[in-house]
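Data block below; observations after.
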């Protein structure tokens with residue numbers, strides 16, 4: 001029997017390794033643990049362990065250049081955000097990655113102060 | 001003598017003898033004829049019997065063929081639907097990646113994979129095809145893919161990675177064979193036991209060893225399994241039993257078709273079955289090496305494209321050997337990892353962080369405005385705020401310092 005007449009998969013095939021296998025059936029990480037904007041980078045002293053899964057290795061390489069947010073990692077790897085969170089959570093637990101809370105957005109200044117500044121500027125230059 | 005001549009009995013005897021002789025001769029003739037006829041009849045009968053057996057065999061073959069063709073066509077539809085559904089699930093997973101629904105989507109994905117595997121197995125029994133992958137895939141990914149196609153996949157532990165890859169045409173067959181082996185392993189062992197997979201290079205190729213901690217098989221079962229796994233007797237849909245047990249049959253067919261061997265006749269260290277898949281060199285390839293070059297080339301030998309302050313220190317040894325640096329001679333800084341994606345595609349490497357976080361070394365350049373103007377504007381702003389604060393010092397004291 002030859003394999004010449006074997007048809008290719010008709011449509012573009014989905015990924016060979018499915019996301020639930022990559023996470024080994026883990027439950028999703030609690031929302032409180034990571035947000036889309038949580039920043040991660042590689043740890044200064046990564047532990048020496050058995051070789052990581054290719055996906056985790058790739059994630060480490062991505063983060064090697066500096067801080068990356070969860071959302072950016074998802075964009076680069078093409079994995080669903082929830083999957084990225086699980087992988088990052090694991091890597092953080094194992095000491096490969098260092099995560100930090102997102103930079104807080106600027107606090108709103110009280111309107112009165114702004115008005116006073118404006119008045120001051122007008123008084124001076126206006 | 002005369003008294004004899006006058007004896008009517010003698011005359012009767014004289015007359016009777018030829019008659020009797022003729023009768024005897026006739027009788028003999030008849031007997032021999034009858035015998036002949038009997039032989040002919042017997043021949044005819046055997047001929048008829050043979051014809052009949054042939055006809056029955058032919059009818060059986062034709063029925064099997066028809067069943068196979070029908071099933072094959074039906075399975076092709078199911079296979080197509082399953083892979084279409086898998087793609088759709090992938091897209092939804094990406095869309096709703098941050099929602100709780102992702103958990104359910106993962107479960108659906110898992111069920112879909114099992115469903116697709118069943119359809120593939122039946123297709124194989126009907127001499128159908130599995131659908132060919134476009135790319136080679138690493139052995140590790142194929143094993144993980146197989147793992148994802150069974151129900152209790154979390155019990156499967158892959159103990160070793162490898163640098164081998166499987167050629168595109170053998171990716172699906174090997175994955176399906178492994179999935180069937182893993183299905184058997186999980187079905188015939190206690191739910192709390194693990195199934196171990198080890199990948200071992202051997203002189204003839206690579207072995208994938210699956211060990212379970214189940215009850216094992218007796219000699220009779222082993223013999224039957226060996227016969228099915230050899231793929232010698234063609235698979236017949238009608239002899240699979242109910243509930244159908246086609247794992248070994250499927251494996252046998254695929255192993256024979258693609259030229260690898262599967263054996264289950266040894267015992268695992270845990271007392272269960274040890275299944276060994278031996279993949280010959282023809283089905284193997286190595287993970288693409290060339291990606292190492294471009295990946296390094298992207299991060300090191302193109303200094304002008306790297307933003308200032310991010311990677312200002314030149315790679316060690318560059319000024320020594322500038323030409324060699326272009327082809328990965330100085331990749332001490334780069335992580336020496338496999339440079340392919342899960343699908344075996346070249347991996348794109350980022351040139352640097354795209355994060356918005358200012359790094360310590362970065363001196364935020366403001367290229368369009370000269371420093372004198374900036375200073376005067378800032379000074380004016382500062383003076384403005386100060387005068388503003390002075391003018392309302394008393395009233396604003398309450399909330400100035402929270």
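Would you work out the relative contact order for region B:176-295, in percent, from Cα pairs under 8 angstrom that are 6 or more residues apart? Mind showing how you got there, number by number?
Working: 183 pairs, mean separation 36.2, N = 120.
Value for region B:176-295: 30 percent.
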Gyration tensor (alpha-carbon) shape descriptor, region A:19-125, a/c threshold 1.5 = prolate
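Stretched out fully, how many nm does the piece from residue B:43 to residue B:380 gain, at 0.36 nm a residue minus the Cα gap?
Stretched out fully, the residue B:43 to residue B:380 stretch lengthens by 109.0 nm.
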Number of partner chain Cβ atoms within 10 Å, mean per residue of B:103-112 = 4
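In which sequence would A:85, B:72 go, from the one with the fewest C-beta neighbours within 10 Å to the one with the most?
Sorted ascending by nearby Cβ count, the order is B:72, A:85.
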note = Descending packing, highest mean Cβ count within 10 Å first, for B:48-57, B:138-147, B:120-129, A:49-58 is B:138-147, B:120-129, A:49-58, B:48-57
ask   = Relative contact order for region B:230-277 using alpha-carbon pairs under 8 Å, separation at least 6, rounded to a whole percent?
value = 31
remark   = The distance between the Cα centres of region B:48-125 and region A:15-67, in whole Å, is 34
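What is the fewest-to-most order of B:75, B:194, B:111, B:217 by other Cβ atoms lying within 10 Å of their Cβ?
Details: B:75 22, B:194 15, B:111 12, B:217 18.
The most exposed by this proxy come first: B:111, B:194, B:217, B:75.
Pull out a ≥ b ≥ c, the square roots of the eigenvalues of the alpha-carbon gyration tensor of region B:91-210, then state rounded if a/c is under 1.5, prolate if not and a/b is larger than b/c, and oblate in the remaining case.
Judged from the Cα gyration tensor, region B:91-210 comes out rounded (a/c under 1.5).
Taking 0.36 nm per intervening residue step and subtracting the Cα-Cα distance, what contour gain separates residue B:111 from residue B:22 on full extension?
Working: separation 89, 0.36 × 89 = 32.04 nm, distance 9.07 nm.
My answer for the length gained is 23.0 nm.
Shape verdict for region B:2-94, please, from the Cα gyration tensor: rounded (a/c under 1.5), prolate (a/b greater than b/c) or oblate. The partial results should precede the final answer.
Numbers: a/c = 17.68, a/b = 14.51, b/c = 1.22.
The shape class here is prolate.
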message = If I model a spin label at residue A:50 and residue B:3 as a point 7 Å from the Cα along the Cα→Cβ vector, what separation in nanometres do I get?
response = 12.6
key: Average other protein chain Cβ within 10 Å of Cβ, residues A:82-89   = 3
note = For chain A, averaging the sequence separation of alpha carbon pairs under 8 Å that lie six or more residues apart and dividing by its residue count, the contact order in percent is 31
inquiry  = Using only the alpha-carbon atoms, how far is helix A:81-94 inclined from the longest principal axis of chain A? Give it as 0 to 90 degrees, nearest 10.
reply    = 90
Residue with peak Gaussian network fluctuation, chain A [Cα springs, cutoff 10 Å], from A:61, A:94, A:116 = A:116
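Let me know the mean shielding of A:68-74 by other chains, meaning the per-residue number of their Cβ atoms within 10 Å of its Cβ.
On the way: counts 5, 4, 1, 2, 5, 0, 3.
Mean partner-chain Cβ count within 10 Å for A:68-74: 3.
Since every read-out is calculated from the coordinates, none of them should be taken as a lab result. Treat the numbers as computed from the prediction; the structure is a model and nothing was measured. Every residue, glycine as well, gets a Cβ built from its backbone with ideal geometry; the counts of neighbours run over all protein chains shown.
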